[in-house]
1. Can you tell me which residues in region 96-124 are of a type in the set (Ser, Thr, Tyr) and closer than 21 Å to residue 151 by Cα?
2. Does region 1-11 hold any residues that are within 13 Å of ligand 1 (Cβ to nearest atom) and buried (at least 22 other Cβ atoms within 10 Å of the Cβ), and which are they?
3. Within region 357-370, can you find the residues that are touching a helix residue (DSSP H, G or I) at 6+ places or on another chain (Cβ under 7 Å) and away from ligand 2 (no atom under 16 Å from the Cβ)?
4. Quickly run through region 22-41 and pick out the residues that are outside any loop (DSSP other than H, G, I, E, B) and more than 10 Å from ligand 1 (Cβ to nearest atom).
5. Name the strands (runs of 3 or more DSSP E) wholly inside region 296-401 in which the number of residues that are touching a strand residue (DSSP E or B) at 6+ places or on another chain (Cβ under 8 Å) and modelled with pLDDT of 90 or more is 3 or more.
6. If you scan region 314-329, which residues turn out to be in contact with a Pro (Cβ under 9 Å, 6 or more places away or on another chain) and closer than 15 Å to residue 217 by Cβ?
7. Any residue in region 159-167 that is surrounded by fewer than 17 Cβ atoms within 10 Å (Cβ to Cβ), more than 15 Å from the chain's Cα centre (by Cα), hydroxyl-bearing (Ser, Thr, Tyr) and part of a helix (DSSP H, G or I)?
8. Which one of 54, 58 is exposed (fewer than 15 other Cβ atoms within 10 Å of the Cβ), among the hydroxyl-bearing types (Ser, Thr, Tyr) and part of a loop (DSSP other than H, G, I, E, B)?
Amino acid sequence: MRVTHLSLSDFRNYESAEVQLAQGPNLFVGSNGQGKTNLVESLVFLSTGGSHRTPIDTAMIKQDAQAAVIRVRLEHDGRAVLLELQLNRGSANKALVNRSNARPRELVRYLATVLFAPEDLSLVRGEPSVRRRMLDTVLVQRTPRLAGVLADYDRVLKQRNTLLKSARASGVRGSALSTLDVWDERLVSLGSEIIDERSALIDDLREPVRDAYRSVAGDDHHPRLVPLLSVDGAQPDDDDQSGTGGAGSEAGERQGDTRDRFAAAVAALRSRELDRGVTLVGPHRDDVLFELNGLPAKGYASHGESWSFALSLRLASAQLLRTHSTTGDPVLILDDVFAELDQARRARLAASVHEFEQVLVTSAVLDDVPDALRAHTVHIQAGRVIEHDVESDSTADEVTS
Ligand SMILES: Nc1ncnc2c1ncn2[C@@H]1O[C@H](COP(=O)(O)OP(=O)(O)OP(=O)(O)O)[C@@H](O)[C@H]1O
Ligand SMILES: [Mg+2]
């Protein structure tokens, strides 16, 4: 798929912007703080339901405005789709597909983006929650139905935690806690599906990550992905762990199906959960261990190696979506990544993304971006799209901003 047009109203530092986008590479250049990331963030928000920079939706709305609108025209297989998302202060976001009401969550069915950003280093070095979010984003992109399962699991988890906390406060134990059994069942049923889907995704990512790492790093450091499952005893999220995700916290032998292992773990942990007033086992406490040359990447890999791993994860996700999705290639967004790479890695990354239908690149410095990605360059200044030279598409409209 490709985005043919993007309109923004009161989004971040844009009062209004109209941007025509070309097939293949599109480059946005401008000095720091002008709105390059904001522009591509609007596509990430519309396609994934959130920003990669903040969990606070209202940060997307222009200062002093009441609502922001992101409007995207897409083309796939000769068919055009119009997607709109309105973000409101103090009320729910609204979505439209071809001008008919839709749930914001539905938009992922039409537009898939894969974002590469400097923040991606935290995929390797950050907390388990960053890796869980990456996996879940790809899961929902390839199977949109799973958005409902993840949301339901979250709800059950919150309600179960509330119950555990109130039981702790009132000292209720034993049979008086029969309502907990009902929540356990829901937790295990939804959670097992998430655990299995994530494990399948990790399996599917292994090969493409190896290929992508070799093509980005130009070297084979044997990248490996190992699920760390709390139902099997891994405790990646525990406060008393250093969090390096070393082999010591790797899951033990896996026997039986996920539901049985999950149910057994819940039963075994019940008194500890009642002591702490929180659910200690489930996909919300899982992680995935990344290894290079047999060592955990977190805590061992160099800066460049960590970066290559993070880029490989994104490239591999893009490759997976490309083969699995009914909407064609995801739109690749490379926000400020070339500045982080040496010349050889820049060229290799440019070659790896070249075959995707549409690639959006941002950079503060034009010279950081390989020539192959400069065919369609747009300049951004103070929340305005100020120039628009289209070398390959002379029929494109002049930009109004
Ligand atoms: N809700 C908002 N309302 C108004 N301005 C905002 C809002 N959110 C962010 N901004 C402004 O947008 C600017 C940042 O834009 P952005 O992050 O897109 O910069 P950039 O061009 O990507 O810069 P860099 O090259 O440093 O990455 C900042 O000046 C910030 O104050
Ligand atoms: Mg930026």
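1. Within region 96-124, 110, 113 qualify.
2. The answer is 8, 11.
3. 359, 370, listed by residue number.
4. Residues satisfying the conditions are 24, 25, 26, 27.
5. Strands (runs of 3 or more DSSP E) meeting the threshold: 331-335, 358-363, 376-381.
6. Selection gives 315, 316.
7. yes
8. 54
The values are calculated or read from the model by the stated rules, or taken from the named source; none is laboratory data. Model, not experiment: these values are computed from the prediction. Reconstructed Cβ throughout: ideal geometry from the backbone, glycine too, with neighbour counts over all protein chains shown.
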